[in-house]
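Engineer: One structure follows; several queries about it will come next.
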Amino acid sequence: MRTVRVNAASKSYDVLIGKNAVTVLGEQAKKVCPGALKALVVSETNVAPFYLDVVKEQLEGAGFEVTDYVFEAGEQNKNINEIAGMWNRMAEAGFTRTDFVVGLGGGVTTDMAGFAASTFLRGIKVIQLPTSLLAMVDASVGGKTGIDIPKGKNQVGAFWQPSLVLEDTAFLKTLPDEVFTEGMGEVTKHAFIMDLKLLEKLEEAAGDIRSDEDLLEEIVYMNVSDKASVVGEDETDNGRRQTLNYGHTVGHVIERDSGFTKPHGICVAKGMGIVMDACVRAGTLAEDDAERMKDLLKLYKLPTEDDITPEAIVEGAMNDKKKRGGTLSVILVNKIGQAEIKKMTAEEFLKFLSV
Ligand SMILES: NC(=O)c1ccc[n+]([C@@H]2O[C@H](COP(=O)([O-])OP(=O)(O)OC[C@H]3O[C@@H](n4cnc5c(N)ncnc54)[C@H](O)[C@@H]3O)[C@@H](O)[C@H]2O)c1
Ligand SMILES: [Zn+2]
């Protein structure tokens, strides 16, 4: 088992990564939630049939009284009704401030479990058990929690760091191939913005990190280390954490324009490809480096382009929450492994994106 320590400004905690990591859940929960009597396991209909029993057994074996809340899988259920269901379940079971929530699922689940924990009794502890690649390398680490509202994704939420993140890489065996591929959008992003070693590992693996369990564990670990180092410097997204938005300013617009039918990770990959092309045209990124990054995306079955127009990107981006005042913070990679934050007005961004 590997450990990454996250030292966020508001809280420090461990991310434990490994095959069968779930077997230490009971003892770890006792350690990080001293005095707790009750646990609410939040999960969803695709994940619960595989893993809810083993998680409950672990917690009950450690002496906790366990309740569960299983919602219908899918982003469309990342809403306030489900959160209210979680609050009510905890209230009915007599939860107090020392009890805790466990999020068992992909990013939808870990975001919601974290948000329910952040608000119940003004904040109780949460342990995250991510089950998708995206949730392991991204969503479950760093304390961003929340829900969607009709006007937009993740518009309501809180920064609420977990007390522990337990990443059982064996749980990835049941993840559908296309969902795994979506997660690779964030994995390749980490490689491009900050981790040349990861990039080389992914190149060596030649498009398959699933069949070798040790390699998969190592790659998850490298990604969690990357995310942890960024969150450790900038918990609340005012500085370096913004570099994690590489490909996202453009990707979000593509995602929204598709009515959220195109998956997030796929849109991020397209966004990264579009920004790479623009950097090459601007003469700030070497063509060979752009090709190398795009080859990696293709190797992992990710797209690098989209037919969206520069005008549509800029219009969409100006409506996005990432804008600050009249300018956008656009993340650029001009050297592989290094990201920079560039402030651009709408006019500058349009010029940057236009051929
Ligand atoms: N908090 C953050 O910092 C952060 C970062 C990135 C993304 N997110 C959020 O994460 C969400 C996307 O995460 P996601 O892609 O994991 O979505 P998800 O939770 O919907 O999971 C994707 C799909 O995989 C299934 N699944 C998950 N684990 C499985 C497993 N082990 N076996 C079988 N099926 C499994 C789910 O049921 C679902 O159908 C979005 O809501 C996004 O806003 C949050
Ligand atoms: Zn993302």
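The values are calculated or read from the model by the stated rules, or taken from the named source; none is laboratory data. Keep in mind the model is a prediction, meaning the values are calculated, not measured. Methodologically, a virtual Cβ is constructed for each residue, glycine included, from the backbone with ideal geometry; neighbour enumeration extends over all protein chains shown. For accessibility, only protein heavy atoms count, side chains too; no ligands or nucleic acids. Shrake-Rupley method; radii C 1.70, N 1.55, O 1.52, S 1.80 Å.
Engineer: Quick one: net charge of residue 21's neighbours, Cβ under 9 Å, K/R +1, D/E -1? Display every interim value, and only then the final one.
Structural biologist: Working: positive: 19; negative: 167, 168.
So the surrounding residues net to -1.
Engineer: Kindly provide log₁₀ I(q)/I(0) values, in the same order as q = 0.17, 0.25 Å⁻¹, from the Debye equation applied to equal alpha-carbon scatterers of the range 1-57.
Structural biologist: -0.74, -1.19
Engineer: Counting only DSSP beta bridges with both residues in the range 2-175, what percent are antiparallel, rounded to the nearest 5? Working shown, then result.
Structural biologist: Values: 11 of 36 bridges.
Bridges in the range 2-175 are about 30 percent antiparallel.
Engineer: Just to be sure I understand the curve: with the Debye formula and one point per C-alpha of the range 178-353, what is log10 I(q)/I(0) at q = 0.11 Å⁻¹?
Structural biologist: Results for the range 178-353 at q = 0.11 Å⁻¹ read -0.43.
Engineer: Something else: Using a 1.4 angstrom probe on heavy atoms only, work out the carbon and sulfur share of the accessible area of the chain in %.
Structural biologist: 49
Engineer: Which value, in Å to one decimal place, does the Kirkwood hydrodynamic radius take for the range 132-181 when every pair of different Cα atoms is included? If you can, show how the numbers build up before the last one.
Structural biologist: On the way: mean 1/r = 0.0799 Å⁻¹.
Across the range 132-181, the inverse of the average 1/r is 12.5 Å.
Engineer: Under the rule a/c < 1.5 gives rounded, and otherwise a/b versus b/c splits prolate from oblate, where does the range 2-175 land using the Cα gyration tensor? Walk me through the numbers on the way to the answer.
Structural biologist: Working: a/c = 1.23, a/b = 1.12, b/c = 1.10.
Rounded, because the longest to shortest axis ratio a/c is under 1.5.
Engineer: Using DSSP, restrict attention to beta bridges with both residues in the chain and report what percent are antiparallel, rounded to the nearest 5. Before the final figure, lay out the partial values.
Structural biologist: Working: 20 of 45 bridges.
Here the antiparallel bridges make up roughly 45 percent for the chain.
Engineer: With the chain treated as a Gaussian network of Cα nodes joined by springs under 10 Å, which of 171, 50, 115 yields the largest mean-square fluctuation?
Structural biologist: Highest fluctuation of the listed residues: 50.
Engineer: Okay, next question. Counting only C-alpha contacts under 8 Å and six or more residues apart, can you give the relative contact order of the chain as a whole percent? Can you show the working numbers first?
Structural biologist: Values: 685 pairs, mean separation 55.1, N = 355.
Reported relative contact order: 16 percent.
Engineer: As a test of the definition: which semi-axes, in Å, follow for the range 279-355 when you take the square root of five times each eigenvalue of its alpha carbon gyration tensor? Largest first, please. Each step should come with its number before you reach the end.
Structural biologist: Details: eigenvalues 107, 44, 30 Å².
Value: 23, 15, 12 Å, ordered largest first.
Engineer: Moving to a separate point now. What is the projected area of the convex hull of the Cα atoms of the chain, averaged over all directions, in nm²? Could the numbers behind the result be given before it?
Structural biologist: Values: hull surface 64.0 nm².
For the chain, averaging the hull's shadow over all directions gives 16.0 nm².
Engineer: Roughly how big is the range 134-177's charge dipole about its Cα centre, with Cβ charges of +1 (Lys, Arg) and -1 (Asp, Glu), in debye to the nearest 20? Display every interim value, and only then the final one.
Structural biologist: On the way: 4 positive and 5 negative charges, 46 e Å.
Rounded to the nearest 20 debye, it is 220 debye.
Engineer: Something else about it: Could you give the distance between the Cα centres of the range 243-299 and the range 145-205, to the whole Å?
Structural biologist: 16
Engineer: Also: From the helices alone, meaning DSSP H stretches of at least four residues, give me the mean residue ellipticity at 222 nm for the chain, per-run term -39500 (n - 2.57), in deg cm²/dmol to the nearest 500. Numbers along the way, then the final one.
Structural biologist: Numbers: 12 runs with 155 residues, N = 355.
The per-residue figure over the chain is -14000 deg cm²/dmol.
Engineer: Under 20 Å Cα to Cα from residue 151, which aspartates and glutamates show up? Leave out anything in the same chain fewer than 8 places away.
Structural biologist: Those aspartates and glutamates meeting the cut-off are 75, 82, 111, 255, 257, 315, 320.
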